[in-house]
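Participant: Could you have a look at this structure, given as structure tokens, before my questions?
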Protein chains: 2
Amino acid sequence: MATHVVNEAQKLATTDKTFCDLPPAIADTLEQEALTTTYPTGAVLFAEGQAPRGVFIVRRGRVKLSICGSDGRTLILRIVDPGCPLGVAAVVSGRPYEATAETQEPSEISFLRHSDLLNLMRQHGEFALWVTQHISADYASTCREIRDLILSDSASEKLARLLVGWLDQNTASKNPSQMKLALTHEEIGQMIGSSRETVSRLFAGFKKQRLIQQTGSTLVIPDRVALESLITA
Amino acid sequence: MATHVVNEAQKLATTDKTFCDLPPAIADTLEQEALTTTYPTGAVLFAEGQAPRGVFIVRRGRVKLSICGSDGRTLILRIVDPGCPLGVAAVVSGRPYEATAETQEPSEISFLRHSDLLNLMRQHGEFALWVTQHISADYASTCREIRDLILSDSASEKLARLLVGWLDQNTASKNPSQMKLALTHEEIGQMIGSSRETVSRLFAGFKKQRLIQQTGSTLVIPDRVALESLITA
DNA sequence: ACCGGTCGGTGATGGAGATCACACATCGCT
DNA sequence: AGCGATGTGTGATCTCCATCACCGACCGGT
């Protein structure tokens, strides 16, 4: 509910600059070449391992990016917000999509075909740079993911990191220490690479330690510093 | 020793096209703008967290790319071969270098300043595309890394995967099931996210199961399929 | 030959968390 | 109400691997 309001605001904000932070000339071209569609919740834009058809640019909504292990377990790489292109790495490198993209709420998404993307990049260095900046950011965030997930161990540390990270994204809210919990324990587990049960137990522990309070889907973090002290412990 | 020979061959192959797979016009420009230096073994080109100064392009030699966790443990992301640019993501996104780059043998490396890279990319879409292709490949390989390291568990599976991967890179050798082991157990552990002792024990187990044979630093994998059967088990 | 360093093998131990197996709470549906 | 589906809380157990603690091998320097 609350998220819808946010997204409407974002939509309005972006109708101005159309394609986010791109120069108007390129944004217009993009607007002409791209095909914009509205997807319902749970739509799969592309799946890990498929041959790349093109890139998707999130205009409105939220998209979950995940990878799947051989044993069937799932790891959520990140939740993608409007303004971000998806699947660029696959298209540019010609390799299969490296993750699965699935809408988490009704979303408006532009599609740009493989060849159109490459042509645009060749013609407009500025656009190529924009694309590259996004991949670079993705790469950096993936590296952080690796560091956090492999080199920290202790599930509590990872959960604390995740919560603090969410808190930072939450600057828009009136109460900065309060947030809506949009994911299930299962999904949170998939974000920090641990089981549903472990997440449950960790939440219980955090509550006992007064690190978090929870009423319904509302999460309050009274003492951010205390939570941060769990990180790099 | 053997690697030196390989590298000489690669050097010869690249002196032709100079900057690998780039169009000659751009390669020439790059050749003028870039500063090429020879580094000894163990030189640190850049360290994780530093502000980006520019990109490094490996011309000859091998460079180890690693990240370091808060607890001091190290994870080797990959070993970079000639022809690959390093640190691009950091320069393009303006964020700190996301990993540490260290030469593993005497290496010849070109340096291109921050601003020069961006200008070149803006001016030559083709060059920007080349850069983006490399980042994309890095991104894809990092995703695989995540999948393999987090979603497989069982250290033996990871080691088996690593060995099979090395086997694939080894196509140049006369005996395709034979290879030189260039890393210590410690470093192998850092590649698969486990301890030195575990690697030792795994190797012992593999030998007992006749999955590998080892004499000195030469590793023979008599039955590749058997090794692969450990993966996704 | 003597050492100090790095590397590799191997036993013993402990602990974090996966997994299994429940019970309970919602919530939407007919 | 009654019912499945889905999400959550929590105990018991079990497994894998990190860690500690050695020892022996090898190599390069003086």
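Participant: Mind ranking A:143, B:84 by accessible surface for me, highest first, 1.4 Å probe?
Facilitator: Working: A:143 0, B:84 45 Å².
Per-residue accessible area, sorted high to low, gives B:84, A:143.
Participant: Order A:232, A:103 by their accessible area, 1.4 angstrom probe, all chains in place, largest first.
Facilitator: Per-residue accessible area, sorted high to low, gives A:232, A:103.
Participant: Now, a different point. Find every distance from the label point of residue A:226 to the corresponding label point in the other copies (7 Å from Cα along Cα→Cβ) and write them in nm, one decimal, shortest first.
Facilitator: From this label point to the equivalent ones elsewhere in the assembly: 5.7 nm.
Participant: How many square angstrom of accessible surface are buried between B and A, both sides summed, with a 1.4 Å probe and rounding to 100?
Facilitator: 4000 Å²
Participant: Another question about this same structure. Working with all protein chains in place, sort B:148, B:81 by solvent-accessible area computed with a 1.4 Å probe, largest first.
Facilitator: From most accessible down to least: B:81, B:148.
Participant: Heavy atoms only, probe 1.4 Å: what % of the accessible area of the protein assembly as shown goes to carbon and sulfur, would you let me know? Present the calculation step by step, with values, prior to reporting the outcome.
Facilitator: Values: 11020 of 21180 Å².
Taking all protein chains in place, the protein assembly as shown shows 52 percent carbon and sulfur surface.
Participant: Would you tell me which residue of chain A has the beta carbon closest to the rotation axis bringing chain A onto chain B, and how many whole Å away it is?
Facilitator: A:128, 2
Participant: I'd like the accessible area for residue A:62: 1.4 Å probe, protein heavy atoms, all chains in place, Å² to the nearest 10.
Facilitator: Spelled out: residue A:62, probe radius 1.4 Å, area about 50 Å².
Participant: Evaluate E = 1/(1 + (r/R0)^6) for residue A:168 and residue A:204, where r is the Cβ-Cβ distance and R0 equals 22 Å; express this FRET efficiency to the nearest 0.05.
Facilitator: 0.35
Participant: Of the cross-linked pairs A:174/A:208; A:208/B:158; B:64/B:208; A:180/B:158, which ones have a Cα-Cα span greater than 28 Å in the structure shown?
Facilitator: With Cα atoms farther than 28 Å apart: A:208/B:158; B:64/B:208; A:180/B:158.
Participant: How much accessible surface does residue B:79 have with a 1.4 Å probe, in Å² rounded to 10?
Facilitator: It works out to around 40 Å².
Participant: Any chance you could look up the accessible area of residue B:207 with a 1.4 Å probe, heavy atoms only, rounded to 10 Å²?
Facilitator: Using a 1.4 Å probe on the heavy atoms, I get roughly 90 Å².
Participant: Could you tell me whether segment A:2-150 comes out rounded, prolate or oblate from its Cα gyration tensor? Rule is a ≥ b ≥ c as square roots of the eigenvalues, rounded for a/c under 1.5, then prolate if a/b exceeds b/c, otherwise oblate.
Facilitator: Verdict is oblate for segment A:2-150.
Participant: Then there is this: Using a 7 Å offset from Cα along the direction of the beta-carbon, what are the separations from residue B:137 to the same position in each other copy, nm, ascending?
Facilitator: Inter-copy label distances (nm, one decimal, shortest first): 2.6.
Participant: OK, next. Between residue B:137 and residue B:180, with labels modelled 7 Å along Cα→Cβ, what's the label distance in nm to one decimal, could you check?
Facilitator: 2.2 nm
Participant: Further, regarding this structure: How far apart are the residue B:209 label points across copies, placing each 7 Å from Cα toward Cβ, in nm, shortest first?
Facilitator: Sorted ascending, the copy-to-copy spacings read 3.8 nm.
Participant: Another question, then. Label points 7 Å out from Cα along the Cβ direction at residue B:224 and residue B:37: separation in nm?
Facilitator: 4.0 nm
Participant: Over segment A:79-233, what is the relative contact order in whole percent, taking alpha-carbon pairs under 8 Å and six or more residues apart?
Facilitator: This gives 19 percent for segment A:79-233.
Participant: Can you list residues whose amide H is under 5 Å from residue A:39's amide H, if they're 5+ apart or on another chain and H is modeled 1.01 Å from N?
Facilitator: Under 5 Å from the amide H of residue A:39: A:107, A:108, A:109.
Participant: At 1.4 Å probe size, with every protein chain present, just tell me what the per residue accessible area of segment A:155-228 comes to in Å².
Facilitator: That works out to 53 Å² for each residue.
The values are calculated or read from the model by the stated rules, or taken from the named source; none is laboratory data. Given the structure is predicted, the values throughout are model-derived calculations rather than measurements. Neighbour counts are summed over all protein chains in view; Cβ atoms, including those assigned to glycine, are modelled from backbone coordinates with ideal geometry. Remember, those area values only see protein heavy atoms, side chains included, never the ligands or the DNA or RNA. Shrake-Rupley method; radii C 1.70, N 1.55, O 1.52, S 1.80 Å.
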